[in-house]
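Chemist: I have a structure I would like to understand better, so I am pasting it below and will then ask my questions one at a time.
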Amino acid sequence: MVIRENKSQLRNRFRQERKERFVEDSWNHILTATEMILATNIATYISYEFEPETKDLNQALIKSNKKVFLPRLLPNNDLEWVNWNGSQESLSLNGKVWEPVGPAISDVKLEVIIVPALHVDRDGNRLGQGGGSYDRALASSNAWKIALLHKGEITNEPLPVEPHDQKVSAAATPEIMVRF
């Protein structure tokens, strides 16, 4: 069955469904993935509202001596990466999103990028929030890309895909991790 709604309609529907069934949980099981164990430079994000909670995951990465990078949104909606030490004091609120302060690292070779998503289909197609920022960042990286999702957000139904959309390597719910 093909999803017949457009991306904007899907985002609205998926956000509402996520809000209605939101449960705080942990995604720390992804730390046992070989890609995570072998990586030194890992990009992640600070979750907000009903996104999968990243606080404990981010702290576990820092505690395990990984170099953690957070995205900062540029005026053109591209992302730049800033090394983060885990301190709340080194974050600044930009709308609803906490972003890192400090210099951007332009030459970092990210080995893993943890990305937000509303849904991922069985081919690894990711439906994000709609700004295209992560798609542009993922397009320029050879990193292993893993999307964090709530239970029920990995779908067998194909998501609408545009030429600029970037696939993820894996997706994780609190219960499972699926590789594509």
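The values are calculated or read from the model by the stated rules, or taken from the named source; none is laboratory data. Being a predicted model, the structure only gives us computed values, none of them experimental. All Cβ positions, even for glycine, are placed from backbone atoms using ideal geometry, and neighbour counts span all protein chains on display.
Chemist: For the stretch 98-115, enumerate the residues that are touching a residue at least 24 places away in the same chain (Cβ under 8 Å), surrounded by fewer than 18 Cβ atoms within 10 Å (Cβ to Cβ) and either under 15 Å from Arg179 (Cβ atoms) or of a type outside the set (Phe, Trp, Tyr) (or both).
Modeler: Within the stretch 98-115, Ala104, Ile105, Ser106, Val108, Lys109 meet the criteria.
Chemist: Moving on. Condition check: of a type in the set (A, V, I, L, M), buried (at least 18 other Cβ atoms within 10 Å of the Cβ) and not in a loop (DSSP other than H, G, I, E, B). Does Leu93 satisfy that?
Modeler: It is false that Leu93 is of a type in the set (A, V, I, L, M), buried (at least 18 other Cβ atoms within 10 Å of the Cβ) and not in a loop (DSSP other than H, G, I, E, B).
Chemist: Could you grab me the full set of residues in the stretch 19-34 that are out of contact with any helix residue (DSSP H, G or I) (no Cβ under 9 Å at 6 or more places or on another chain), farther than 17 Å from Val68 by Cα and in contact (Cβ under 8 Å) with a residue 24 or more places away in the chain?
Modeler: Lys19, Arg21, Phe22, Val23, Glu24, Asp25, His29
Chemist: From the list Ser133, Ser141, which residue is farther than 13 Å from Glu51 by Cα, surrounded by fewer than 22 Cβ atoms within 10 Å (Cβ to Cβ), of a type in the set (S, T, N, Q) and under 13 Å from the mean Cα position of the chain (by Cα)?
Modeler: Ser133
Chemist: I'd like the full set of residues that are farther than 10 Å from Val168 by Cβ and hydroxyl-bearing (Ser, Thr, Tyr), limited to the stretch 109-150.
Modeler: Ser133, Ser140, Ser141
Chemist: Applying the selection to the stretch 130-147, what residues are outside any helix (DSSP H, G or I) and under 12 Å from Pro116 (Cβ atoms)?
Modeler: Gly130, Gly131, Lys145, Ile146, Ala147
Chemist: Quick check: anything in the stretch 30-41 assigned to a strand (DSSP E or B) and either over 29 Å from Thr155 (Cα atoms) or at pLDDT 95 or above (or both)?
Modeler: Yes, the conditions are met somewhere in the stretch 30-41.
So that you can scan it fast, the table gives a plain yes or no per residue for (1) hydroxyl-bearing (Ser, Thr, Tyr); (2) more than 16 Å from the chain's Cα centre (by Cα):
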position: Lys19; (1), (2): no, yes
position: Ile37; (1), (2): no, yes
position: Thr40; (1), (2): yes, yes
position: Ile46; (1), (2): no, no
position: Leu57; (1), (2): no, no
position: Lys63; (1), (2): no, yes
position: Gln88; (1), (2): no, yes
position: Ser92; (1), (2): yes, yes
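Chemist: Could you tell me which numbered condition Val82 fails, if it satisfies all but one of (1) in contact with a Pro (Cβ under 6 Å, 6 or more places away or on another chain); (2) within 27 Å of Pro174 (Cβ to Cβ)?
Modeler: (2)
Chemist: If only one of Leu57, Leu70, Leu93 is more than 18 Å from Asn142 (Cβ to Cβ), without any contact (Cβ under 8 Å) to a residue 40 or more places away in the chain and touching a Ser or Thr at 6+ places or on another chain (Cβ under 9 Å), which one is it?
Modeler: Exactly one of Leu57, Leu70, Leu93 is more than 18 Å from Asn142 (Cβ to Cβ), without any contact (Cβ under 8 Å) to a residue 40 or more places away in the chain and touching a Ser or Thr at 6+ places or on another chain (Cβ under 9 Å), namely Leu70.
Chemist: Go over the candidates Leu127, Leu149, Leu118 one by one and state the one that is surrounded by 21 or more Cβ atoms within 10 Å (Cβ to Cβ), under 18 Å from Lys55 (Cβ atoms) and in contact (Cβ under 8 Å) with a residue 60 or more places away in the chain.
Modeler: Leu149
Chemist: Looking only at the stretch 106-113, decide whether some residue is modelled with pLDDT of 95 or more, under 13 Å from the mean Cα position of the chain (by Cα) and under 22 Å from Asn85 (Cβ atoms).
Modeler: There is at least one residue in the stretch 106-113 that is modelled with pLDDT of 95 or more, under 13 Å from the mean Cα position of the chain (by Cα) and under 22 Å from Asn85 (Cβ atoms).
Chemist: Sticking with this one: Would you say Asn77 is part of a helix (DSSP H, G or I) and in contact (Cβ under 8 Å) with a residue 24 or more places away in the chain?
Modeler: Judged against the criteria, Asn77 is not a match.
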